[in-house]
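The values are calculated or read from the model by the stated rules, or taken from the named source; none is laboratory data. Worth saying up front: this structure is predicted, and the values here are computed from it rather than measured. Using ideal geometry, Cβ is built from the backbone for each residue, glycine included, and neighbour counts are taken over all protein chains shown.
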Amino acid sequence: MGNQQSPVKGKSGKKALKIPRKRWTRDDTELFLLSVPTLVWYLLFTYLPMFGVIIAFKVYKLAPGGHGFLYNLLHSEWAGINNFKYFFTSNSFTMLLRNTILYNIAFIIISASVAVGGALMLSSMRNKRGSKVYQTMMFLPYFMSWVVVSYFVYALLTPERGYLNGIITALGGEKIMWYQEPKYWPFILVFLNTWKGMGYGMVIYLASITGIDPSLYEAAVMDGATKAQQARHITIPSIKPVFVMMLILDCGKIFNSDFGLFYQVTGGIPQSLYTTTSTFDTYIYNAIQSTAPIGQTAAANFFQAICSCATILFANWVVSKIDNENRII
Amino acid sequence: MEKKMKNNHASLNQIKTSTNVLFNAVFLILAVMCVFPLLFVFSISISSEESLRMNGYQIIPPQLSSAAYQFLWNERMMILRAVFMSVSVTVLGTILAVILTTSMGYVVSRRTYKLKTLYTWIVFIPMVFNGGMLASYVVVNNILNLRNTIWALILPLACSSFSVTICRTFFRITVPDSIVESAKIDGADQFCIWSRIVLPISKPVMATIGMFAAFGYWNDWFQASLYIQDKNLQTLQSLLNNIQKNIEYIANNPYGGLSLQQYKSSMPTESVRMAIAIVIIVPIACTYPFFQKYFISGLTIGSVKE
């Protein structure tokens, strides 16, 4: 019976939720069964790892008798905050924190300006077909993996045969050992990140620009607004919600890094580039591949996860203070 | 008539010719920058090893050679196995991703569902908090024991809260309660409604989810580098990744009476690297222009707020 009543009340949305005792119906059972596979997936691949943070508080040891990982973990001693102490006081910590955050800030600012600027320019271009062709071409890097990109970079930068060194020597300069000179890498990485995400960013903003009501522009023309004024007073305010949403999402990722960019493009982070191109992710990855105690790696992992969570909530809170309509959570 | 009027309006409100030319020039440069590496890598792959040694990498190959592709052809067992793995992972993974994502998206989109609030949280929390790389590694590797199986490549990427949210928003808009109700009156259960009614009218969102998944799987090297040590389970990306570290990795099949050592030294190393990169890029470069619009529609659906 509840089944037949619900749709009527369901139309008023929130009210239906407030009804205290809606009975469990066959419909609910069917929907539950339909969602079981995905629920299992969520449980195993997102919620189980969340409990993995326990490892950060343990001294993981193999118990005698060849038991499974969970058995060993539960029978390992508690480490308290020793793993964290080790991580925070290690030489790498400040370096990793600085690299991860500074790179991300540079990425966010530059990518956002390029994307918004590019979208504004694309939307005002006269030849629409040309604009489509440019968009498609600029989207290409987005679909390539960092492994493939690292081959492009190798072809340009490899010291002996690389294209750039070829040009430099042809102009009478000295060869540059790119993979051993840390000073160039911040620029290379920022450039590549912008290059790869450029088409994607522009297309997102362009989609929201094309969605703007054309009558706004017509009215502006009647009032004698120039193109630049239209952009400032119509286009930019209209794409603000998308902009804010992208910004919050990016801020949530400020403690993460695009692993492939840092790891693949540098050729697995050689020793000479270690302090300029290491981030939390590359540190954790290298630790997984090595024999470092798992608890200490887990501490780094836990720190990163907590910080990401805090920044995304903080960014959302700031936005909700400034402009409540644009918050995403 | 009306169209003409509109055109007039539009032409009134156009940028100056000089600005237009400037914009075109800027985008031409950017677009070439995005396509150039592909052409560059291709031209290296068809250069002869000798000319690479003499002149370095050139945009226009001074001496053409198909040695790299011949070499790949000789090692075709390995390449084909990697292609087969890549294709299987992509196909299986995409099917699984579409099923998992749309079924969850549909359930979360139903306003009358009793556990709706709980489900919304289940989907939302992973967007804000995740266990991180190490914890996921431990789960897949030590708890589920998926190392060196194809499932280690497929399962971790099979679903995401982002795509579930896209689906939910799409279903809210395109599948009104009235359709579901009338199907129920005809005696259909929810599974039936999902598979026979909802999915057939949701092809655009399925295409979006499918494309995201397919490109994700095809381009994935990270899962493979963590979980796959078995040479027989290499995908193209992980093959490329391993060759980067050690090009001789690929040379294990001497032919024509050569010893393994001779074979390795005769190998056109530089051009072979680039030739494999080309093998990976070409399928993507040929298909993405057709699927680009699904990406864009998915991204714009995803950013619609309720």
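Out of all the residues in the stretch A:136-145, which are within 8 Å of chain B (Cβ to nearest Cβ) and not in a loop (DSSP other than H, G, I, E, B)?
Going residue by residue through the stretch A:136-145, those that are within 8 Å of chain B (Cβ to nearest Cβ) are A:136-141, A:143-145.
Listed by number, the residues that qualify are A:136, A:137, A:138, A:139, A:140, A:141, A:143.
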Legend entry - Some residue of the stretch A:37-55 being over 19 Å from residue A:296 (Cβ atoms) and away from every other protein chain (no Cβ under 12 Å): no
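Every residue in the stretch B:39-49 that is within 7 Å of another protein chain (Cβ to nearest Cβ) and either closer than 13 Å to residue A:198 by Cα or in contact (Cβ under 8 Å) with a residue 24 or more places away in the chain (or both), please. It would help to see each step written out before you state the result.
Step one: of the stretch B:39-49, the residues within 7 Å of another protein chain (Cβ to nearest Cβ) are B:40-41, B:44.
Within the stretch B:39-49, B:41, B:44 meet the criteria.
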Inset, instruction - Identify, from the list B:202, B:195, the residue that is in a helix (DSSP H, G or I) and modelled with pLDDT of 90 or more. - result: B:195
Legend entry - Lone qualifier among A:169, A:235, A:194 - being more than 25 Å from the chain's Cα centre (by Cα), in a helix (DSSP H, G or I) and either in contact (Cβ under 8 Å) with a residue 60 or more places away in the chain or under 24 Å from residue A:312 (Cβ atoms) (or both): A:235
Legend entry - Test: residue in the stretch B:41-55 that is over 26 Å from the mean Cα position of the chain (by Cα), assigned to a helix (DSSP H, G or I) and either among the polar types (S, T, N, Q) or on the phi > 0 side of the Ramachandran plot (or both): yes
Legend entry - Test: residue in the stretch A:115-134 that is closer than 28 Å to residue B:60 by Cα, crowded, with 17+ Cβ neighbours inside 10 Å and either facing chain B (nearest Cβ under 7 Å) or touching a helix residue (DSSP H, G or I) at 6+ places or on another chain (Cβ under 8 Å) (or both): yes
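Being in a helix (DSSP H, G or I) and in contact (Cβ under 8 Å) with a residue 40 or more places away in the chain narrows it down to one of A:109, A:101, so name that one. Full working, then the answer.
Working: A:109 fails: in contact (Cβ under 8 Å) with a residue 40 or more places away in the chain.
One residue alone meets the criteria, A:101.
Being within 12 Å of another protein chain (Cβ to nearest Cβ) and either among the aliphatic types (A, V, I, L, M) or under 16 Å from residue A:118 (Cβ atoms) (or both) is the filter; apply it to the stretch A:228-242 and report the residue that is surrounded by the most Cβ atoms within 10 Å (Cβ to Cβ). Walk me through how you get there before you give the answer.
Let us first name the residues in the stretch A:228-242 that are within 12 Å of another protein chain (Cβ to nearest Cβ), namely A:228-231, A:234, A:239, A:241-242.
Remaining after also requiring either among the aliphatic types (A, V, I, L, M) or under 16 Å from residue A:118 (Cβ atoms) (or both): A:228, A:231, A:234, A:239, A:242.
Details: A:228: 11, A:231: 16, A:234: 18, A:239: 23, A:242: 21.
Only one residue tops the list, namely A:239.
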Inset, instruction - Could you look through the stretch A:137-180, keep only residues that are surrounded by fewer than 20 Cβ atoms within 10 Å (Cβ to Cβ) and small (Gly, Ala, Ser), and pick out the one that is nearest to residue B:223 (Cα to Cα)? - result: A:166
Legend entry - Residue tally, condition surrounded by fewer than 20 Cβ atoms within 10 Å (Cβ to Cβ) and within 13 Å of chain A (Cβ to nearest Cβ), over the stretch B:57-95: 6
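Mind listing just one residue for me: the one in the stretch A:266-295 that is in a helix (DSSP H, G or I) and small (Gly, Ala, Ser) and, of those, surrounded by the most Cβ atoms within 10 Å (Cβ to Cβ)? Before you say what the answer is, go through the steps one by one.
The first filter runs over the stretch A:266-295 and keeps only residues in a helix (DSSP H, G or I), leaving A:271-277, A:280-289, A:294-295.
Adding the requirement that they be small (Gly, Ala, Ser) leaves A:272, A:287, A:295.
Numbers: A:272: 15, A:287: 19, A:295: 22.
Filtering first and then ranking leaves A:295.
Return the residues of the stretch A:217-232 that are assigned to a helix (DSSP H, G or I) and either of a type in the set (A, V, I, L, M, F, W, C) or over 30 Å from the mean Cα position of the chain (by Cα) (or both); say none if nothing qualifies.
A:217, A:218, A:219, A:220, A:221, A:222, A:227, A:228, A:229, A:230, A:231
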Legend entry - Yes/no for residue A:248 being touching a residue at least 24 places away in the same chain (Cβ under 8 Å), buried (at least 20 other Cβ atoms within 10 Å of the Cβ) and farther than 27 Å from residue A:160 by Cα: yes
Inset, instruction - Within the stretch B:117-134, identify whether any single residue is more than 20 Å from residue A:52 (Cβ to Cβ), within 21 Å of the chain's Cα centre (by Cα) and either not in a helix (DSSP H, G or I) or not aliphatic (A, V, I, L, M) (or both), and answer yes or no. - result: no
Legend entry - Residue that is surrounded by the most Cβ atoms within 10 Å (Cβ to Cβ) [pool: residues in the stretch B:96-117 that are more than 8 Å from every other protein chain (Cβ to nearest Cβ) and among the small types (Gly, Ala, Ser)]: B:105
Legend entry - Test for residue B:148: is it facing chain A (nearest Cβ under 9 Å) and either in a loop (DSSP other than H, G, I, E, B) or touching a residue at least 24 places away in the same chain (Cβ under 8 Å) (or both): no
